1. For the range 84-115, how many residues meet the condition of being in contact with a Pro (Cβ under 9 Å, 6 or more places away or on another chain) and open to solvent by less than 20 Å² (accessible area, probe 1.4 Å)?
2. When both residues are 6+ apart or on different chains and their Cβ atoms are under 9 Å apart, which pairs have a first residue that lies in the range 68-93 and is under 17 Å from residue 127 (Cα atoms) and aliphatic (A, V, I, L, M), and a second that is open to solvent by 50 Å² or more (accessible area, probe 1.4 Å) and not in a helix (DSSP H, G or I)?
3. Would you mind listing the helices (runs of 4 or more DSSP H) fully within the range 27-128 where at least 3 residues are modelled with pLDDT under 90?
4. Got a number for residues in the range 47-83 being open to solvent by 40 Å² or more (accessible area, probe 1.4 Å) and among the β-branched types (Val, Ile, Thr)?
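The values are calculated or read from the model by the stated rules, or taken from the named source; none is laboratory data. Here the structure is a predicted model, which means the values were calculated and not measured. Note that we place each Cβ from the backbone using ideal geometry, even for glycine, and neighbour counts take in every protein chain shown. These accessible areas exclude ligands, DNA and RNA; they are computed on the full protein's heavy atoms, side chains included. Shrake-Rupley method; radii C 1.70, N 1.55, O 1.52, S 1.80 Å.
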Amino acid sequence: MLTCPDIIDKLLLALQEQQQQQQSMISEEEEKVETEGRQDGNIHNRRHDEELYRLCREATEACLREVISHLHNFIQDSEDCDVKYEDWIKDVHPENVDGSRVDHRFYVKDSEHLSIWNAFMEKLNRESKMVSPRTILMRQDSFQGYSSPRQ
């Protein structure tokens, strides 16, 4: 069985690859901004932005390590082999659960929590516990009390 550090490293690697793919899609835009920054003499701002991006990436990685570690411990500590995604979300983020209803953002395709859960379930050969992303359709009455900004 994989140890927690092994699982964390493998999942972080997979998430980093996903982030790199997303980053490569916007690299052209960054090159354009950098070129414009040089033309405007804005090199200092570009370096500052790069530093902020690096700090953000490091903070995100630290948070992901915590989430992965929490899931590993949650599964190990659970006496119930039939744990569910919703049980874990209630445990790790109780502020995002209203009664038995988990915030819909934990079910979107790009949810890191959903990706981590599914990767764990796959590694543990519990494919039946994997959760598919969901699309949330807004009902018309969801917009009651909302007024659109005037133009």
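1. 3
2. From residues that are under 17 Å from residue 127 (Cα atoms) and aliphatic (A, V, I, L, M), there are no pairs.
3. Output list reads 43-77.
4. Final tally of qualifying residues: 1.
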